[in-house]
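Have a look at the structure below before the remarks.
Every number in this text was worked out from the coordinates using simple rules, so none of it is lab data. Quantities reported herein were computed from a predicted structural model and do not represent experimental measurements. Glycine gets a Cβ as well: all are built from the backbone with ideal geometry, and neighbour counts include every protein chain shown.
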Amino acid sequence: MKFKSVNPYSLQVVEEFESLTDKEVMRKLEVADDTFSRWKSVPFASRSERMLEAARILRVNKDTCARNITIEMGKTLKEAIAEIEKCAWACEYYAAHAAAFLADEHIKTDAPESFVRYDPIGTILAIMPWNYPYWQVFRFAAPALMAGNVCVLKHAPNVFRCALDIQTVFRNAGFPEGVFQSLIVDVDQVAPIISHPGVKAVTLTGSEGAGASVASWAGKNGKKTVLELGGSNAFVVLDDADLEAAVNVGVQARMMNAGQSCIAAKRFILVEEIANEFMEKFREKVMALRAGDPLDDRTDIGPLARKDLADKLEDQVNRSLAVGAKAVCGAKRMDNFYLPTILTGVSPGMPAFDEELFGPVAAVTVAGSDDDALKLANASNFGLGLSVFTQSKTRAEKFIAHSEDGAVFINGLVKSDPRLPFGGTKHSGYGRELSSHGIREFVNVKTVWVGKW
């Protein structure tokens, strides 16, 4: 089977890729398994040297890597460069901290000596999306490789060039060939990969449907999964908030990457006392955003990554308008572009509130009180992250304590950070990436009890 990489701005075919045969896939899995038998014993210091070299290579080649991101999935070049920089940071972070995160943990018991050790488990299959084609991979791969595991990547078909470039980064950094391999495969080849005895666990970032299928396949084979799925993050603004800051952060939180982010602010919940003032400032800044060629430094909003994504977003907005939502600006489609849009009058039961809008559309709901805002924020099948803007620690603490999401950010946008655990609840998935919690997802947490010699 052939896959085509299509530039979402020019709509031209950039490159074609031939899928691996089933036999070729099995051979790569055997190589991974064989490599793991040696890689798991490589000292942390040696792994760290290679990971730091990967960071250096990323920074040296960031312009080329970023350009390939932009050409394949359409985000602005400046955002793509920032993504590469963040990947280099993750490599450096785990190069510095992995050994401490996985050091033996001594615990006093009835034994003369007892402790927990953290051992690598083998080949980890990563199934990754197109919206952050480098970052989604590196935030998994850096800790997994530093832990002594090996990785095989099934990337989204529209970013296979990025997948192969990432493989090249690791090889040029001195990692053995079988430590990280990109598999050019179709979706129907995934289940046999999961079933392979050398594959010990699966991590997936993607849709609810994909997560359910992968979890089912892995469960039938007794293999662990970590799922990072969709999100419909609430962005709550209370009446004592710094409105200027809230507006500026809100525009970034909703419109970055053309709104194609699981952790983007999607549901704007405004306490009624400040709703009109916030909306006036928010609308002005959203309408000033410039859509166009993502390779142009003046562009703020690039195209959506594929036509079907623009089709879906257009349908969700139209269905919301049909049941009472109002378009303050935008709500217009041009090829793969969807213009920055604000919908008001959005309430539970509308697509704009209940569904994940994966594009530059902000859905605005007015709340009568703090309690009402918290109730609306939790009124979602998703549970990835929450932003709350207030100058009161007491008011913020109520949201921190009672939010059902995996993360709460006060006076800031929800973001992933190598130093903090990242993951969600409800339909947003389970498990954690990043920090010491993330690196321990794919290790054997081994209890050791030593009696008298």
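For residue 400 and residue 168, the FRET efficiency from 1/(1 + (r/R0)^6), where r spans their Cβ atoms and R0 equals 56 Å, is about 0.85.
Once the Cα-Cα distance is subtracted from the 0.36 nm per residue extended length, the residue 252 to residue 332 segment shows a gain of 26.8 nm.
May I ask you to compute the full-extension gain from residue 111 to residue 371, defined as 0.36 nm times their residue separation minus their alpha-carbon distance, rounded to one decimal in nm?
Values: separation 260, 0.36 × 260 = 93.60 nm, distance 5.10 nm.
Additional length available on full extension: 88.5 nm.
In this calculation the C-beta distance from residue 323 to residue 437 is compared with R0 = 56 Å, giving a FRET efficiency of 0.85. Sorting 236-246, 108-118 by average packing, meaning the other beta carbons within 10 Å per residue, from highest down gives 236-246, 108-118. I want to make sure I understand the PRE zone here: with the label point 7 angstrom from the Cα of residue 119 toward its beta carbon, which residues in region 64-104 have backbone N atoms less than 18 Å away? Only 102-104 pass the distance filter.
Counting other Cβ atoms within 10 Å of each Cβ, which trypsin sites (Lys or Arg not before Pro) in region 276-362 have at most 14 and sit in a DSSP loop? Walk me through the intermediate numbers first.
Values: sites: 281, 283, 285, 290, 298, 306, 307, 312, 319, 326, 332, 333; in loops: 290, 298, 306, 332.
When the trypsin sites (Lys or Arg not before Pro) of region 276-362 are filtered for loop state and at most 14 Cβ neighbours within 10 Å, 290, 298, 332 remain.
Simple spin-label estimate for residue 24 and residue 67 gives 2.7 nm between the two label positions (7 Å along the Cα-to-Cβ direction from each Cα).
Approximating the spin labels as points 7 Å out from Cα along Cα→Cβ, the residue 42-to-residue 311 distance works out to 4.4 nm.
Over its Cα atoms, what ratio of radius of gyration to 2.2 N^0.38 Å does region 263-390 give? Present the calculation step by step, with values, prior to reporting the outcome.
Details: Rg = 14.7 Å, N = 128, 2.2 N^0.38 = 13.9 Å.
Expressed relative to 2.2 N^0.38 Å, the Cα Rg reads 1.06.
Relative protection proxy for 430-439, 191-200, from highest mean packing down: 430-439, 191-200 (other beta-carbon atoms within 10 angstrom). Can you work out the FRET efficiency for the pair residue 34 and residue 293, with r the C-beta to C-beta distance and R0 = 56 Å, to the nearest 0.05? E between residue 34 and residue 293, to the nearest 0.05, is 0.75. Averaging Cα coordinates gives a centre for region 52-121 and one for region 252-329; these two points are 31 Å apart.
Applying Stokes-Einstein at 4 °C and 1.567 mPa s to the Kirkwood radius of the chain, computed over alpha-carbon pairs, gives a translational diffusion coefficient of 57 µm² s⁻¹.
Could you give the DSSP H helices of the chain that reach 30 angstrom or more along their long axis (alpha carbon positions) and whose average Kyte-Doolittle hydropathy is no lower than 0.5?
On the way: long enough: 77-101 (36 Å, 0.33).
Taking the DSSP H segments of the chain (at least 30 Å long, mean hydropathy at least 0.5), we get none.
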